[in-house]
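J.: Before I ask anything, here is the structure I am working with.
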């Protein structure tokens, strides 16, 4: 998958003023293949220089983006690849316009994740689902395309389950999540609600986890996607953590592995040769008290999932805990990795 | 169970300078039946006035306790009822000395929770287990007695499961806990470890939850205790919450109830007529985002368990979330309620 | 100031659905003199039962208020005393309408705090300023009246300075505040902004502190208020604390007191005989590390200011630290205490 | 000050297992001039591989240090430059032994900061104080030397004051600090003490701030150090922030500058050409709500001090707010920068 580019590919970020949009801009500032040439935002910010809008991440916006003038989210941008950080309701209408106008859209929104013919991708997990694009183009008549990345929590779950499923056949999954506040965007959650508290509900999240995981671990048959048929039972909690989702998982398999066998297949899960791909997508820690979101979320630039506490379950086969960086692997970086795969596979 | 006392019963607190010990002292200050007349502490604090030792709870120590001189934890105290807030390793040796010397020991330590003949009690759940005392005395030759209260998390789990078990027969329980920092005592957890973080491990906790729940829901047969035979799979996490444990629970039953049926039996779970007993041991909230530890832990003076999000589980029968106040119902108040039951039942 | 009421005075809360409004409703639920008979709210909530609106404080809304139907903030309420928790911009227009219609308005808003003829009152500090009401009525032609309570931070500062000023003459005051998040209302501050952070700015706060302190410690001359002429230099910070403002204070006096002399006059500052008044308005703690907002804010039902670390200043005369409960003494309870003073003084 | 080294200088870290020691090891892992060849620790850890000891910082210990065997803190190390992260009580005895044995000791401990002949250095502020080493060696007969770096908070204060003092003459300084928890080391502060709280006291801190600031801004006269004679009044608070101290400062000058003039001299404060020195030691932000510790502490690798809210003071001349990274500029990185200056100036 070696890719040499003589010059950088011009890209745009749709919805660049929100928290996820800012992450895209931050991450793309030094990207070896991509160069941000356009940013779009809400009507309120159109016409302003990007550097004048409120930066909610730590640090400052990249110098290269400060002087870009924020544009409308209409398909008249000087880029053929666009990253969508639009709210899902806006994404629903706007992303197809870009695909119809010939743009490749790498979306972080949930609007088209479960739509027929739209790949929902984690490159290391199901990069082969990109073949759906052929059908997408044929059925929708788009010269462009839409590729989506999964819900932040599902990213962590699917990356943990994929090598285990390949080796032992996943049958049942209980997952209780402890999710970071940054997952709710900005301003998102009030300090008065979450300080010293747990909120045992995140609207729509459990459905996404239960459905997207099966799509990601599904198979391509006759150019169609067939979702995996294991069962997932999810309960989503918000906890006072800034970044990094923690998943407490119990799994039943077709063939019960020992904790050592499970560890081995997780550690051996192969990485890809793409700029944003970590050498190993999954890391396993042996300390009794890891993974922890604050200590492990940033491993491999926030692109590796860290798994620990792999042990026998008194009811099903194994229990384990995973941590994923929700705004990197689980959002902006995940979409950028998808775009890299598109380039490497010749879709761009 | 009406009890009229002509004068208050003198009581002592063993290990009164730790966080749990201080809670005992605080709660007993205005108790209608009990009067604190003696406090014990570590060698380092013996001989000091209680008011001179470092108070770690919010507010101040009660006036009535300030001038008590801290004594050794030896059975020469002017009280026949003692509350033990000793560390488990000390409790192991010290509590039997008191029982052998004729004291009734209401212990919050884990040392004797699973010992044969020692009742592990939540009055509303299994007050009938007090009959074990007869055997305890016979076998150990103690004129006194030891009664224990369960692990803080197990309190919340057992109170949630008991009415459901009676009505529908619990078979399997998955529980992921999000536990407050106060459960680790003082100084306990470093801010640098838990700030903005989740620690997915609490030493020994999962074993306690998995075993104590079955003891509490067990039955008395021929003066012996027979543990319930359902299976529990627990994963314990520490989260940055001051007080209040949250439990994410999935349950399989012999007979599947609807969420409405489960709600009804929880709401109908009867309370006891004891000073520290809440009118209703379990409250059910219907809001999508409750219970929350910070908002619900103090309901009914921290003695009620609040349950919410009762819904169908894609794999087992029901999912739900419970919150229990870990240092009140789950520790000091729980032991005091046990003592009240001992009095009401004539054991004192 | 003994007051015996044969029946409770009916009162209303304007802006009852915000965080301060909810505090009023919570505090008035068991008030010995007042009974809440009407609640007003924004157009969006008018017509709903109060129990249906989102309760943002811990616990639940009082039973007695749940069924009250939220009304418009217009002067047609079945109460002659109204507590205003309106945002300042609304208070500016609405409060005079009530005063003109004969209502006594006890306002927590900043709109009229510095207006001529409108008393800005902390009963223990400057209850005598109520005489301004005579002029207020004369000049404005109101049968009713407006009385205001100070900014939350200023409450703590003025109560600390008042006894010191009486005894030693305050000349210069440096104050750096560390203010709780609840002071910004609900939803107020995003967790992403304040988590593990300090925000060294609160809009308008420093001006309020610098000006209101001088008004509160001012004197009445010829029915007019003359502000004290000491200088205040304030810097306001938001810190990740739920409730309770902390003030780091340095003071220069006309006559330099020793720390012991200052302690004495603070401790001797007399309380009032009103239902919400604490026995002692100021408490002094001698521990090196007190006062602390979480441990001291609730002293005397959140109505006492706690002062500590009274020591010599290398530049001015003394340094000290004060803690005040910003939503009790510094907001709702403060206004209720003002209303009690109005009753006791015969203004109602 | 160009320095070219043909090979790296071997260095050791004394007290490498504590939080500051770990920071030294982390920062030195990729240092262009220095190479860690030895680590020392307490008796309990001597003989263990460094990778086996508990790592308290986020992430993992550097690969290059994992296999180093922890040694005693005795002057038999294969390095001539040692960084001391020893507790002050140990530093008092151990550091002179190293200096007497010919080692150059760059200490982060407070033991010798105020000792005659021992330079207390921030290179950009008072690098010229290194001339004291000549006297240090003469008077103490050491072939080696000790150089110290200031208290973390003082670093931020001195860097803010230095350019202002040079231009306008500092006369009086009021400073209230809001200090991060990491400043207390590990395990340091209990979550139960600092969660949602402010602790208005840090033992010894105020004295250090008041004295060290004057030493740092002092002058060398006849090979002696003469402390600056302005007055500092400090009040130190611990706040629930992980890293980054915030200082609220009021300053009186000999000649009052406008905020714009002050901004200019701060921005123009020149940097040094050393590997760990930032291009500009002081950055000024113009936003109303900056600097903030979480957003600004890491600027320029945590080596720049960020200043904001520069405005007129109602009593003295100016008020402003500074943020300094307490464990980088204010601790380990500060000592490393001192060592770089020693090398560049030929002391090594």
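The values are calculated or read from the model by the stated rules, or taken from the named source; none is laboratory data. Keep in mind it's a predicted model, so treat the numbers as computed, not measured. No Cβ is skipped: glycine too gets one built from the backbone with ideal geometry, and neighbour counts run over all protein chains shown.
J.: Sort out which residues of region C:245-258 are in contact (Cβ under 8 Å) with a residue 60 or more places away in the chain and more than 8 Å from chain D (Cβ to nearest Cβ), and write them in order of number. Even if it seems obvious, please write down each step before you answer.
T.: Taking region C:245-258 as the starting set, the residues that turn out to be in contact (Cβ under 8 Å) with a residue 60 or more places away in the chain are C:245-257.
Selection gives C:245, C:247, C:249, C:251, C:252, C:253, C:254, C:255, C:256, C:257.
J.: Then there's this: Tell me, yes or no, whether region C:46-54 has at least one residue that is at pLDDT 95 or above, in a helix (DSSP H, G or I) and more than 14 Å from chain B (Cβ to nearest Cβ).
T.: Checking region C:46-54: at least one residue is at pLDDT 95 or above, in a helix (DSSP H, G or I) and more than 14 Å from chain B (Cβ to nearest Cβ).
J.: Go through (1) over 20 Å from the mean Cα position of the chain (by Cα); (2) crowded, with 24+ Cβ neighbours inside 10 Å; (3) without any contact (Cβ under 8 Å) to a residue 40 or more places away in the chain for residue B:112 and report which single condition fails.
T.: Going through (1) over 20 Å from the mean Cα position of the chain (by Cα); (2) crowded, with 24+ Cβ neighbours inside 10 Å; (3) without any contact (Cβ under 8 Å) to a residue 40 or more places away in the chain one by one, residue B:112 breaks only (1).
Let's see how each residue does on (1) touching a residue at least 60 places away in the same chain (Cβ under 8 Å); (2) out of contact with any strand residue (DSSP E or B) (no Cβ under 8 Å at 6 or more places or on another chain); (3) farther than 17 Å from residue D:25 by Cα:
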residue	(1), (2), (3)
D:302	no, yes, no
D:307	yes, no, yes
D:317	yes, no, yes
D:322	yes, no, yes
D:327	yes, yes, no
D:345	yes, yes, yes
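J.: Also, quick follow-up: Give the number of residues within region D:232-271 that are surrounded by fewer than 17 Cβ atoms within 10 Å (Cβ to Cβ), more than 19 Å from residue D:302 (Cα to Cα) and touching a strand residue (DSSP E or B) at 6+ places or on another chain (Cβ under 7 Å).
T.: The total comes to 2.
J.: I want to confirm something. Restricting to region C:322-348 and keeping residues that are over 9 Å from the mean Cα position of the chain (by Cα) and in a loop (DSSP other than H, G, I, E, B), which single residue is nearest to residue C:82 (Cα to Cα)?
T.: The residue in question is C:348.
J.: Is it the case, given these coordinates, that residue C:289 is assigned to a loop (DSSP other than H, G, I, E, B) and either out of contact with any helix residue (DSSP H, G or I) (no Cβ under 9 Å at 6 or more places or on another chain) or facing chain D (nearest Cβ under 10 Å) (or both)?
T.: Numbers: assigned to a loop (DSSP other than H, G, I, E, B): yes; either out of contact with any helix residue (DSSP H, G or I) (no Cβ under 9 Å at 6 or more places or on another chain) or facing chain D (nearest Cβ under 10 Å) (or both): yes.
The answer is yes for residue C:289.
J.: While we're here: Which ones in region C:117-138 are part of a loop (DSSP other than H, G, I, E, B) and touching a strand residue (DSSP E or B) at 6+ places or on another chain (Cβ under 8 Å)? Full working, then the answer.
T.: Going residue by residue through region C:117-138, those that are part of a loop (DSSP other than H, G, I, E, B) are C:117-119, C:121-122.
Within region C:117-138, C:118, C:119, C:121 qualify.
J.: Sticking with this one: Can you tell which of A:188, A:204 is within 14 Å of chain C (Cβ to nearest Cβ) and surrounded by fewer than 20 Cβ atoms within 10 Å (Cβ to Cβ)?
T.: A:188
J.: Can you find even one residue in region A:224-232 that is within 11 Å of another protein chain (Cβ to nearest Cβ) and closer than 23 Å to residue B:241 by Cβ?
T.: As a first pass, look at region A:224-232 and keep what is within 11 Å of another protein chain (Cβ to nearest Cβ): A:230-232.
Still in the list and also closer than 23 Å to residue B:241 by Cβ: none.
So far as region A:224-232 goes, no, none of its residues is within 11 Å of another protein chain (Cβ to nearest Cβ) and closer than 23 Å to residue B:241 by Cβ.
J.: Then there is this: Only one of (1) over 26 Å from residue D:231 (Cα atoms); (2) away from chain C (no Cβ under 11 Å); (3) buried (at least 24 other Cβ atoms within 10 Å of the Cβ); (4) out of contact with any helix residue (DSSP H, G or I) (no Cβ under 6 Å at 6 or more places or on another chain) fails for residue D:328. Which number is that?
T.: Of everything listed in (1) over 26 Å from residue D:231 (Cα atoms); (2) away from chain C (no Cβ under 11 Å); (3) buried (at least 24 other Cβ atoms within 10 Å of the Cβ); (4) out of contact with any helix residue (DSSP H, G or I) (no Cβ under 6 Å at 6 or more places or on another chain), residue D:328 misses just condition (4).
J.: Working only within region A:301-314, note down all residues that are within 10 Å of chain B (Cβ to nearest Cβ) and surrounded by fewer than 21 Cβ atoms within 10 Å (Cβ to Cβ).
T.: Residues of region A:301-314 that are within 10 Å of chain B (Cβ to nearest Cβ), as a first pass: A:308-309, A:311-314.
Answer for region A:301-314, where residues must be within 10 Å of chain B (Cβ to nearest Cβ) and surrounded by fewer than 21 Cβ atoms within 10 Å (Cβ to Cβ): A:311, A:312, A:313, A:314.
J.: Okay, next question. Restricting attention to region D:138-185, which residues are surrounded by 24 or more Cβ atoms within 10 Å (Cβ to Cβ), over 29 Å from residue D:252 (Cβ atoms) and within 14 Å of chain C (Cβ to nearest Cβ)?
T.: Result: D:181, D:182.
J.: Hey, another quick one. I'd like to know if region A:164-173 contains one or more residues that are modelled with pLDDT of 95 or more and assigned to a loop (DSSP other than H, G, I, E, B).
T.: yes
J.: Moving on. Which count do you get for residues in region B:71-85 that are in a loop (DSSP other than H, G, I, E, B) and in contact with a helix residue (DSSP H, G or I) (Cβ under 6 Å, 6 or more places away or on another chain)?
T.: First pass over region B:71-85, keeping only residues in a loop (DSSP other than H, G, I, E, B): B:72-80, B:85.
Checking the rest, the ones that are also in contact with a helix residue (DSSP H, G or I) (Cβ under 6 Å, 6 or more places away or on another chain) come to B:73, B:75, B:85.
Within region B:71-85, residues that are in a loop (DSSP other than H, G, I, E, B) and in contact with a helix residue (DSSP H, G or I) (Cβ under 6 Å, 6 or more places away or on another chain) number 3.
J.: Further question on the same structure: Tell me, yes or no, whether region B:192-206 has at least one residue that is in contact with a helix residue (DSSP H, G or I) (Cβ under 9 Å, 6 or more places away or on another chain), without any contact (Cβ under 8 Å) to a residue 12 or more places away in the chain and more than 16 Å from residue B:150 (Cα to Cα). Explain how you work it out, then say what you get.
T.: First, the residues of region B:192-206 that are in contact with a helix residue (DSSP H, G or I) (Cβ under 9 Å, 6 or more places away or on another chain): B:192-199, B:202, B:205.
Imposing the further condition that a residue be without any contact (Cβ under 8 Å) to a residue 12 or more places away in the chain reduces the set to B:192-193.
Still in the list and also more than 16 Å from residue B:150 (Cα to Cα): B:192-193.
Yes - at least one qualifying residue is present in region B:192-206.
J.: Check off (1) surrounded by 23 or more Cβ atoms within 10 Å (Cβ to Cβ); (2) within 14 Å of chain A (Cβ to nearest Cβ); (3) closer than 25 Å to residue B:109 by Cα for residue B:282 and give me the number that stays unchecked.
T.: All conditions pass for residue B:282, except number (2).
J.: As an exercise: evaluate residue B:339 against (1) within 14 Å of chain A (Cβ to nearest Cβ); (2) over 23 Å from residue B:210 (Cβ atoms); (3) touching a residue at least 40 places away in the same chain (Cβ under 8 Å); (4) touching a strand residue (DSSP E or B) at 6+ places or on another chain (Cβ under 7 Å) and give the number of the one condition it does not meet.
T.: (1)
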